[in-house]
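*Asks:* Here's a structure for you.
Bear in mind that the values in this text are calculations on the coordinates, not laboratory data. Nothing here was measured: the structure is a model prediction, and the numbers come from that model. Note: ideal-geometry Cβ built from the backbone for every residue, glycine included; neighbour counts use all protein chains shown.
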Amino acid sequence: MQLEGAPSAKAAIVRRLAPSHAAVGRFGLILVMALMMAILTILQPAYFLTRENLTNIARQISSNAILALGEFAVIVTAGIDLSVGSVMGLSMIVLALAVHADWAAGLAALAALCAGLGVGLINGLALTRLHLPHPFIATLATLNIARGATYLLSGGVPISGIPRAVRLWGAEDITLFGGTSFPIDFPISFLIVIALYFAVWVFLTKTSTGRHIYAIGGSPKAAQYAGINISRNLTLVYALSGALAGVAGVLLAGRVNSGYPTAGTGAELDAIAAVIIGGASFFGGRGTAGGVFIGAVIMGLLRNGLNLMNVSVFWQQVLLGFIILLAVYLDVLRRRAMRLEG
Amino acid sequence: MMVRRITGIVGTVLLTLALLGPGVSAGAAKYTILLSMKGPGSGNPFWAAVERGARDTAKALGVNLVVLAPPAETDVQAQIGQIEDQIAKRVSAIVVAPTDVSALNTTFDKARAQKIPVLFVDTDGTWRSKLTFIGTDNRAGGVLGGKFLCGAFKGKGDVAIITGVMTTQSIRSRVEGARAAMKSCGLRVVAELPANSDRALGQQVMEDILTSKPTVKGIFAANDLMALGAAEAVTSRGKTGKVLIVGFDAIPEAAQAILSGTMAASVAQSPYNMGKFGVQNALRALTKKSVAKRIDTGTVLVTKKNAAEYAK
């Protein structure tokens, strides 16, 4: 590495190297994911690549992936939503109570979604109308309110028995390419995950509102001078996060065929972890829905792989911590590369 | 080159973990039994005893045992994930203490589809196709505690009951057993107050009892936390030894309180038997022998005589 040459030569070399550094950032995540899959295939050849195990992983990560998607939209604005886990629990109980009150399945699911949307709106309005100093506070409050409401509504006991019309979203498979010679049974919940990620990706990158949301996170002052309605956009983002937590609740209730009051306790931290592993910046303005998706998959692979190897959950937590460190280190590398490039 | 470094880090971490993992069992045993507990054994003496019972028995019977638990007793999703992943690995039988009485039912349906028998330990579930429930007969334990007070007072006098979270079936059964035993021997139950299975509330309720019902000389509390709270109230009124307090669970702190005289007795469950009977009966099921629908793991009265065993 003879970089001590003339400054112009150094710049030229840096310019030549930089794109590959940036590529590390962009493809590093996919690389980590592929590597994990390869290692798991080698360590658990008989089980890892079976259809059963892969659909297990897909179903296991569905609710976290959806929570992470809403959390991502919030983190893009440099905010945080601590309430998503509680909101997921609340929407499960609302759903279970509604179906036990003989509501039609679709209506019950809608009620669960509205419960999520409602708490999300409260988060957004508390931030923008009550001018609470940081979203940490408003969402910490709703974390407790929603969890308390969940216990009150359920009386602290699980409510089981969800009709099949709702259950199938979280628990059943759909046959894709049924007419062709390659029919695949695909978990419906994972299909919903993919559809939602695609929709949010389109929303954030292809619409002006989406670009405003990125702009708010990147530089709120500049966004304000550009005439972007910050309050409206922030409220929208928190409402979206709440509604997505509602969807996650419907899927999880379907998966376990019940609403139980402790559901989603601490799930907000898993959602935040997926967003961070997925390469979104905690300071806002940066990150992609695709990255967050891979973040959620990496977490799912980690859990599944260690479960298959009968490794204690404590190790899973330790390793998850390391993966977070690694992912953020990757991000630091990328930014350094980009600065050199610039 | 950075790619290689990152690849290196991930690879090393994962491989280290794979080697650390206890899962690579080379045994030629025919059966692998999964014990899925509510909480990890390290840090909780109850689950540690369940795990010990299962491990000792699995070793003696020559079957493989996989022990897994979610990080917290409320983490239902983690337990579901662990059990599903083990079903994918085709464990022979599942012995489970469910984190929720019904949320795991769809998971157990998957086990059933693979003809994997499911046995409940400690906590009964609502799943219809379960092979058996192996756990404490809480009513019998309540009777044991009640009878201790009967003997101490020769069937005469006033007593009170401090109840826990009454939505919990185990707590309700304990109270029922104690109440029935004390009534039938002639004791008068003059108060039955809830303290939510909480220590501070137990103390508060006991203070109220001492004030409003000064004739009470015996207390049955549905768990040790409430009993310890009640003991605190009795001690601060200077009535140690004049009001006998019986708890439930025989946690180490309660055993120490029994040794020091602030509590009179407690009722111990047998978590070791839960693990032991769980593995034994899983193997019975696998070898096509009959298994009883309900198996009691037994309760033991802990008094000054045997409290030292439970005090550590």
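*Asks:* Can you pull the three principal axis extents for the Cα set of chain B, in Å, largest first?
*Replies:* So the three principal-axis extents are 77, 53, 33 Å.
*Asks:* Return the average number of partner chain Cβ atoms within 10 angstrom of each residue Cβ along peptide A:320-330.
*Replies:* That works out to 2 on average.
*Asks:* Using Cα-Cα distances under 8 Å and only pairs 6 or more residues apart, what relative contact order does the stretch B:158-222 have, in percent?
*Replies:* Worked out over the stretch B:158-222, it gives 52 percent.
*Asks:* What are the trypsin sites (Lys or Arg not before Pro) within the stretch B:101-203 that DSSP puts in a loop, where the Cβ has at most 15 other Cβ atoms within 10 Å?
*Replies:* When the trypsin sites (Lys or Arg not before Pro) of the stretch B:101-203 are filtered for loop state and at most 15 Cβ neighbours within 10 Å, B:LYS115, B:ARG128, B:LYS154, B:LYS156 remain.
*Asks:* Next up: Can you grab the distance from the C-alpha centre of the stretch A:276-314 to the C-alpha centre of the stretch B:243-309, Å, no decimals?
*Replies:* Taking the Cα centre of each part, the stretch A:276-314 and the stretch B:243-309 sit 42 Å apart.
*Asks:* Can you spot the lysines whose alpha carbon is less than 16 Å from A:LYS221's alpha carbon? Ignore those fewer than 8 places along the same chain.
*Replies:* Candidates past the 8-residue exclusion: nothing left.
*Asks:* Just add up the charged neighbours of B:GLY241: K/R +1, D/E -1, any other residue whose Cβ is under 15 Å from the Cβ of B:GLY241.
*Replies:* That works out to +4.
*Asks:* If you don't mind, another one. Just want to confirm a number: the relative contact order over chain A, from Cα pairs under 8 angstrom separated by 6+ residues, in percent.
*Replies:* Taking the mean separation of contacting Cα pairs over the length of chain A, I get 33 percent.
*Asks:* Could you name the lysines in cross-link range of B:LYS89, using Cα to Cα under 16 Å and dropping any fewer than eight places away on the same chain?
*Replies:* Result set, ordered by chain and number: B:LYS30, B:LYS110, B:LYS115.
*Asks:* Using a Gaussian network for chain A with springs between C-alpha atoms less than 10 Å apart, which of these wobbles most: A:ILE42, A:ILE80, A:ILE174?
*Replies:* The residue with the greatest mean-square fluctuation here is A:ILE42.
*Asks:* In a GNM of chain B with a 10 Å cut-off on Cα contacts, which of B:LEU65, B:LEU34, B:LEU286 has the highest mean-square fluctuation?
*Replies:* B:LEU286
*Asks:* List, in the order given, every pair from B:LYS154/B:LYS304; B:LYS156/B:LYS183; B:LYS242/B:LYS312 whose Cα-Cα distance in the structure shown is over 22 Å.
*Replies:* Violating the 22 Å limit, Cα to Cα: B:LYS242/B:LYS312.
*Asks:* In addition: Give the Rg (one decimal place) followed by the Dmax (whole number) of the stretch A:48-341, computed from C-alpha coordinates and expressed in Å.
*Replies:* In Å, with Rg to one decimal and Dmax whole: 19.1, 62.
*Asks:* Which chymotrypsin sites (Phe, Trp or Tyr not before Pro) does the stretch A:116-196 hold that lie in a coil by DSSP with at most 16 other beta carbons within 10 Å?
*Replies:* Hits after loop and neighbour filter: A:PHE177.
*Asks:* Between beta-carbons, use under 13 Å as the cut-off and find the net charge around B:LEU201, counting Lys and Arg +1, Asp and Glu -1.
*Replies:* Within the 13 Å Cβ shell, the charges total -3.
*Asks:* Under the definition of Cα pairs under 8 Å and six or more residues apart, what whole-number percent is the relative contact order of chain B?
*Replies:* 18
*Asks:* Let me ask you something else. With runs of 4+ DSSP H residues as the only contributors, calculate the mean residue ellipticity of chain B at 222 nm using -39,500 (n - 2.57) per run, divided by the residue total and rounded to the nearest 500.
*Replies:* Using -39500 (n - 2.57) per qualifying helix, the result is -15000 deg cm²/dmol.
*Asks:* Average partner chain C-beta neighbours within 10 Å, per residue of B:99-108?
*Replies:* That works out to 6 on average.
*Asks:* From the phi angles alone, apply the Karplus equation (6.51, -1.76, 1.60; θ = phi - 60°) to the stretch B:305-312 and give each ³J(HN,Hα) in whole Hz, x where the residue is Gly or Pro.
*Replies:* Along the stretch B:305-312, the couplings run 4, 10, 5, 4, 4, 9, 7, 9 Hz.
*Asks:* May I have the pair-distance distribution P(r) for the stretch B:106-170, computed from all Cα-Cα distances with 10 Å bins from 0 and rounded to whole percent?
*Replies:* 16, 32, 22, 16, 9, 3
*Asks:* Let me ask something additional. On average, how many beta carbons from a partner chain sit within 10 Å of the beta carbon of a residue in A:252-261?
*Replies:* 5
*Asks:* Top mean-square fluctuation among A:ALA108, A:ALA222, A:ALA239, Gaussian network model of chain A, C-alpha springs under 10 Å?
*Replies:* Highest fluctuation of the listed residues: A:ALA222.
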